[in-house]
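Only one structure is covered here, and it is reproduced in the block below.
The values are calculated or read from the model by the stated rules, or taken from the named source; none is laboratory data. Everything numeric here is computed off the predicted structure, so don't read it as measured data. Every residue, glycine among them, receives a Cβ derived from its backbone with ideal geometry; neighbour counts consider all protein chains shown.
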Amino acid sequence: MDNNKDIDLRVQELRDAILYHSKRYYDLDSPEISDYEYDKMFEELKRLEAENPELDDASSPTHRVGGRASEKFSKVRHPVKMGSLTDVFDIDSLRAFIQKTTQVLVDSGLDKDEILYTVEPKIDGLSVGLTYENGELVLGATRGDGVIGENVTENIKTISPIPKKLTAPVSITVRGEVYMPRDSFELLNQVKEEKGEKLWANPRNAAAGSLRRLEASETAECGLSAFVFNFQTGNLYEDGRSPSTHSETIERMAQLGFPVIPLAAITVNEDEIIDAVEKIGKERDGLPYDIDGAVIKVNSLSMRKTVGENTNAPKWAAAFKFPPEEKTTKLLDIEIKVGRTGALTPTGILSPVKLAGTTVSRASLHNIDIIRERDVRIGDSVIVRKAGDIIPEIVGSISSDRDGSEKEFYFPENCPSCGEKLVYDDADENDELDAATGAEGGVVRCINPLCPAQSERRLIHFASRGGMNIDGMGPAIIRQLITAGLLSSPADIYTLKAENLAELPRMGEKSAANLISAVEESKKSGAVRLLTALGVRHTGEAAAEALIARFGSVDRLFDVSEDDLREVDDIGEVTARTVREFFDLKETKELISRLKEYGVETGISDLSETSDRSEVKGDRFAGLTFVLTGSLSGMTRDEASAIIKAEGGKVSGSVSKKTSYVVAGEAAGSKLSKAESLGVPILDEQEFIRIISDSSWSADNL
């Protein structure tokens, strides 16, 4: 940092990013970065605030714990605050923590040989408080913000390892971690995949989402488990005695019937503590559950009082956080996936490897530039990790392992699905990435409208949440329907019969009836959804809204000229051309005719139906038009669009002189260049997060 202004900006950037990712993690159970990345940001913010106390603020996330209690559940005030732990990320920092803590106790008059530490694995799950009265479980609550949590008692009672009745009639509150074993996680995702539902990213997300189901019977089916690791308040012994050490507390809680955290070490020796932490790290892959670190604590409860606590974390404990797990495996091949608009994407086929709780056998390679940049060749030993503990990615190759048999990857000349000649396009299907898959930054594309691979993906898109939103008709079901000869066109969806669906594997009469009901309901989705679902290149939801608002129906698009289309706000030359080309196709006319015949609405009775489907909660962005380009690391573009619209703003698919701001993420392409040439203000992701997080922001602030 060069000066105070730089530090001030960095502090604000970190606070905005932490608040955003904290909400994703704690409240939405949908993190987008790894715990490790989040914790590193948090530690940097704490350090900067400590070094610059004039920048400290009571509203800073460093003064808060966890997330907020959901409105779905009644709120509970914890009898003892459920705080967090101070994180350390390397052995030197861990040694510094041990030495500093030991010195405080030695300065208080204790002998160094009396000061024992415990080491235990840090389970990656959802923290809960369990309260018992006279040995009976009466309350189970999530951590929430550490003071107020969610009452999930009925769901907690479905987790078999958590005792409903203790072996002694004591009244206590303990703290534990609800987690999803890896076996349960794989089974749950297998079921979701068969139903065509979105898969859980990792066991921690799955555990949090499962525990917070509104129906306890649904939680019971998820195979959750738990460990208890801390005594909060009450009397562990019937005669009122209190344990003197953490290890005694763990032993006593086990006697009462709790599943307790396994202690890896109880020692005074610093090197033995380090050895225990490293051993846990080496064994993490073989455990039946996920861990993200090791916890080191002062064993004596009286010594803990001497060391004391900070606002949100004890000084007598620290969490050593393991870095994101990386594995080495073989890149067996590179397959080509043909997208719904014909764009080709390379995917690495790996020798299966266990990584972050799941078996990974495929990893996206994005484009030819990434493949060349990371020097990845078929047959290479490659390093694989999960970006944000979610998406498998190939980090790089190990060139020293090569024996000469490895092959460089090149795109084929013909489509792997239909055999037609491939072409190079100058933009990808989102009109965003310049550095994509082809020559000179273009995209390799199949332009055959009858290509089977494109047909399958167009059907998946048509039925998806962003399209006609047909609940239960996910990719797996669509593939079954195609294989059974029941589906080849979006219009075929509306000819399906329950009796035919019931004959599909793992479908059944009830599921078939539910799917037919969802298909019927989708007929009333409206013209904007239909146009979005058709998957016209460069025509997302914002462009569909603009077109339907102007012309009133999908049918009218058969008659308007390209010039007419260009006159619509937010419709640029490229979109106007692709829309005109799509609606000039004989196949499009036949498709719309069939959809209308089966009762699908193609028009609107009131142009107000084209207004944003999100609830407008504010007007800070009223009169402003935003264009989103590139990849945002902190949110999807749909989520960013929803935020803008909820504040009264408008999201456009193209840049013009009327554009108020362009929000540019990574790999922003032609839209960023056009914004620069037109002098349109450009916001990077951190600036965008700052303004959406600041309720007092207005356009005058920039």
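Quick notes on this one:
- Test result for ARG457, modelled with pLDDT under 85 and within 25 Å of THR578 (Cβ to Cβ): yes
- For the condition at pLDDT below 90 and either out of contact with any Cys (no Cβ under 7 Å at 6 or more places or on another chain) or outside any loop (DSSP other than H, G, I, E, B) (or both), ALA363 qualifies.
- Within the stretch 285-313, tally of residues that are among the hydroxyl-bearing types (Ser, Thr, Tyr), surrounded by fewer than 16 Cβ atoms within 10 Å (Cβ to Cβ) and not in a loop (DSSP other than H, G, I, E, B): 1
- Residues that are polar (S, T, N, Q), over 30 Å from ALA96 (Cα atoms) and assigned to a loop (DSSP other than H, G, I, E, B) occur in the stretch 239-255; there is at least one.
- Restricting the stretch 212-252 to residues that are crowded, with 17+ Cβ neighbours inside 10 Å and touching a Gly at 6+ places or on another chain (Cβ under 9 Å), the residue that is farthest from GLU136 (Cα to Cα): CYS222
- Options GLY485, GLY467: the member that is of a type outside the set (A, V, I, L, M), more than 14 Å from SER522 (Cβ to Cβ), at pLDDT 85 or above and in a loop (DSSP other than H, G, I, E, B): GLY485
- Qualifying residue in the stretch 323-330 (condition: closer than 30 Å to SER84 by Cα and touching a Phe, Trp or Tyr at 6+ places or on another chain (Cβ under 7 Å)): yes
- Residue count for the stretch 335-352 under the criterion of being crowded, with 18+ Cβ neighbours inside 10 Å and either among the aromatic types (Phe, Trp, Tyr) or under 26 Å from the mean Cα position of the chain (by Cα) (or both): the result is 11.
- Taking the criterion of being surrounded by 22 or more Cβ atoms within 10 Å (Cβ to Cβ) and assigned to a loop (DSSP other than H, G, I, E, B), the only residue of the stretch 314-325 that qualifies is TRP316.
- Per the conditions (1) among the acidic types (Asp, Glu); (2) at pLDDT 70 or above; (3) in a loop (DSSP other than H, G, I, E, B), the sole criterion not satisfied by GLU71 is (2).
This table checks each residue for (1) surrounded by 14 or more Cβ atoms within 10 Å (Cβ to Cβ); (2) of a type in the set (Phe, Trp, Tyr); (3) farther than 30 Å from LYS279 by Cα.
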position: VAL88; (1), (2), (3): yes, no, no
position: SER93; (1), (2), (3): yes, no, no
position: GLN99; (1), (2), (3): no, no, no
position: GLY140; (1), (2), (3): yes, no, yes
position: GLY144; (1), (2), (3): yes, no, yes
position: GLY149; (1), (2), (3): yes, no, yes
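- Test: residue in the stretch 172-184 that is more than 26 Å from ASN202 (Cα to Cα), of a type outside the set (A, V, I, L, M, F, W, C) and at pLDDT 95 or above: yes
- Qualifying positions in the stretch 190-208 - surrounded by 19 or more Cβ atoms within 10 Å (Cβ to Cβ) and either at pLDDT 80 or above or not in a loop (DSSP other than H, G, I, E, B) (or both): PRO203, ARG204, ASN205, ALA206, ALA207, ALA208
- From the options SER696, SER605, residue that is under 22 Å from GLY526 (Cβ atoms) and at pLDDT below 70: SER605
- The residues of the stretch 569-601 that are in contact with a Leu (Cβ under 6 Å, 6 or more places away or on another chain) and either in a helix (DSSP H, G or I) or at pLDDT 85 or above (or both), listed by number, are ALA576, VAL579, PHE583.
- Scanning the stretch 535-557 for residues that are assigned to a helix (DSSP H, G or I) and touching a strand residue (DSSP E or B) at 6+ places or on another chain (Cβ under 6 Å) turns up just one, ALA542.
Here's the yes/no breakdown for (1) assigned to a loop (DSSP other than H, G, I, E, B); (2) under 19 Å from ILE261 (Cα atoms); (3) charged (D, E, K, R); (4) within 26 Å of the chain's Cα centre (by Cα):
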| site | (1), (2), (3), (4) |
| --- | --- |
| VAL119 | no, yes, no, no |
| GLY144 | yes, no, no, yes |
| GLU154 | no, no, yes, no |
| ILE159 | yes, yes, no, yes |
| ILE162 | yes, yes, no, no |
| GLY176 | no, yes, no, yes |
